[in-house]
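The values are calculated or read from the model by the stated rules, or taken from the named source; none is laboratory data. It should be emphasised that the depicted structure is a prediction, and the values quoted were computed from it without experimental measurement. Cβ placement follows ideal geometry from the backbone for every residue including glycine, while neighbour counts extend to all protein chains displayed.
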Amino acid sequence: MAYSDITFDLNDNLAVVTLNRPDKLNATTRNMHAELRSAFDEIEKSGARAVLLSGAGRAFCAGQDLADLRMDGPGEILELLEQDFNPLVARIRNLPMPVVCAVNGVAAGAGANLALACDIILAARSASFLQAFARIGLIPDAGGTWTLPRQVGEARAKGMAMLAEPVPAEKALEWGLIWQLCDDDDLMDDAMRVASRLSRQPTKAFALIKQAINASSSHGFDAHLAVEAKLQAEAAASHDYDEGVTAFLEKRKPVFKGE
Ligand code: T3D
């Protein structure tokens, strides 16, 4: 597929996906979603072992392009969520490899929740997270009402959703929304370093870590111990587990294959 609303590059097992409508702060369109679906299809087929997601220009993503709406009522919103946003964030959460997000500027509306669906989030000091929905009479979607209370607690989740004020990256770090704060000029190098390191690590274990952590919110502790044991047994069946232990005993660096 030829891409116009995103750029997509795959090198050395690392896929780099960049939202690419900088004039509109990378607001998403139906076409951008179609391109993202195609890119993630390619990623899954290609044997890639990590993804880096970012935005072109001064923003990460301003959420749904409000000029790309028919404005013919709730059916349209349901369609957008069920066909575009929900499958996208679910795919990222369930993708069997780490997804690193470099939040290079404002992440607003569903753009904020797209970033928060990723596994390792780095943000530039000048970036911010804005649950803009209430400004237009909507509620946080694309997983926002699920993710926010878990990550920042109910008090801050409700404040973010109802006051709809930007949360600066430094506060996002303090609140546990993101992994790392970077100087603006360093963000892409730092994010590339993290993503490229992850692309050479035990991918199968990373997929199982995602599965275990995703499942943790729907079980009690005892039930989760059983899930964890089952997933650990799967990890122990991998080449990379054999290699990790062997390399440790031989006092050398492991060479993981992601298998
Ligand atoms: O039907 C549904 O709505 C369902 C799905 C919803 C999911 C959602 O994501 S709802 C939330 C949608 N997003 C927003 O409400 C955010 C809208 N944008 C903003 O509030 C501001 O642009 C920002 C706070 C993000 C940044 O402000 P600022 O001052 O840095 O930039 P700007 O001047 O507002 O924007 C620059 C350009 O991008 C401008 O275009 P122009 O005038 O230069 O041609 C602006 O219109 C455009 N832009 C920014 N966000 C969007 C957008 N165009 C369309 N849709 C946008 N979301």
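So, of the residues in region 105-123 that are over 10 Å from the mean Cα position of the chain (by Cα) and away from the ligand (no atom under 13 Å from the Cβ), which turns out to be nearest to residue 57 (Cα to Cα)?
Per the criteria, the residue is 123.
With the requirement that a residue be closer than 28 Å to residue 78 by Cα, surrounded by fewer than 21 Cβ atoms within 10 Å (Cβ to Cβ) and in contact with a strand residue (DSSP E or B) (Cβ under 9 Å, 6 or more places away or on another chain), what does region 96-134 give you?
Hits for region 96-134 are 119, 130.
Would you say residue 69 is within 11 Å of the ligand (Cβ to nearest atom) and at pLDDT below 95?
Yes.
Taking the condition farther than 19 Å from residue 110 by Cβ and part of a loop (DSSP other than H, G, I, E, B), does residue 1 pass?
Yes; evaluated as a whole, the condition is true for this residue.
Could you give every pair whose Cβ atoms fall below 7 Å, whose first residue belongs to region 189-210 and is farther than 16 Å from residue 53 by Cβ, and whose second residue is among the basic types (Lys, Arg), counting only separations of at least 6 or pairs across chains?
203/49
Can you name the number of the only condition in (1) in contact (Cβ under 8 Å) with a residue 60 or more places away in the chain; (2) assigned to a strand (DSSP E or B) that residue 107 fails?
(1)
Given the options 96, 87, name the one that is assigned to a helix (DSSP H, G or I) and more than 13 Å from the ligand (Cβ to nearest atom).
Result of the check over 96, 87: 87.
Taking the residues in region 13-52 that are part of a strand (DSSP E or B) and hydroxyl-bearing (Ser, Thr, Tyr) as candidates, determine which candidate is surrounded by the fewest Cβ atoms within 10 Å (Cβ to Cβ).
Ranking the qualifying residues of region 13-52, first place goes to 18.
Exactly one of (1) assigned to a loop (DSSP other than H, G, I, E, B); (2) among the hydrophobic types (A, V, I, L, M, F, W, C); (3) out of contact with any strand residue (DSSP E or B) (no Cβ under 6 Å at 6 or more places or on another chain) is unmet by residue 10. Its number?
(1)
What are the pairs with Cβ atoms under 9 angstrom where one residue, in region 136-149, is touching a residue at least 40 places away in the same chain (Cβ under 8 Å) and farther than 20 Å from residue 176 by Cα and the other, located anywhere, is of a type in the set (Asp, Glu) and crowded, with 19+ Cβ neighbours inside 10 Å? Sequence gap at least six, or different chains.
Pairs found: none.
Restricting attention to region 3-20, does a residue exist that is within 26 Å of residue 167 (Cα to Cα) and within 16 Å of the ligand (Cβ to nearest atom)?
Within region 3-20 (the criterion being within 26 Å of residue 167 (Cα to Cα) and within 16 Å of the ligand (Cβ to nearest atom)), the answer is yes, since at least one residue qualifies.
Would you pick out the residues in region 23-52 that are under 15 Å from the mean Cα position of the chain (by Cα) and either away from the ligand (no atom under 16 Å from the Cβ) or free of Cβ contacts under 8 Å to residues at least 40 places away in the same chain (or both)?
Within region 23-52, 37, 39, 40, 43, 49, 50, 51, 52 qualify.
Residue 149 versus (1) part of a helix (DSSP H, G or I); (2) near the ligand (Cβ under 10 Å from one of its atoms): which is the lone unmet condition?
Going through (1) part of a helix (DSSP H, G or I); (2) near the ligand (Cβ under 10 Å from one of its atoms) one by one, residue 149 breaks only (2).
In region 133-146, which residues are in a helix (DSSP H, G or I) and under 20 Å from residue 92 (Cβ atoms)?
133, 144, 145, 146
Take residue 142 and tell me if it is closer than 17 Å to residue 17 by Cα, of a type outside the set (D, E, K, R), within 12 Å of the chain's Cα centre (by Cα) and near the ligand (Cβ under 9 Å from one of its atoms).
Considered against the rule, which asks whether it is closer than 17 Å to residue 17 by Cα, of a type outside the set (D, E, K, R), within 12 Å of the chain's Cα centre (by Cα) and near the ligand (Cβ under 9 Å from one of its atoms), residue 142 comes out as no.
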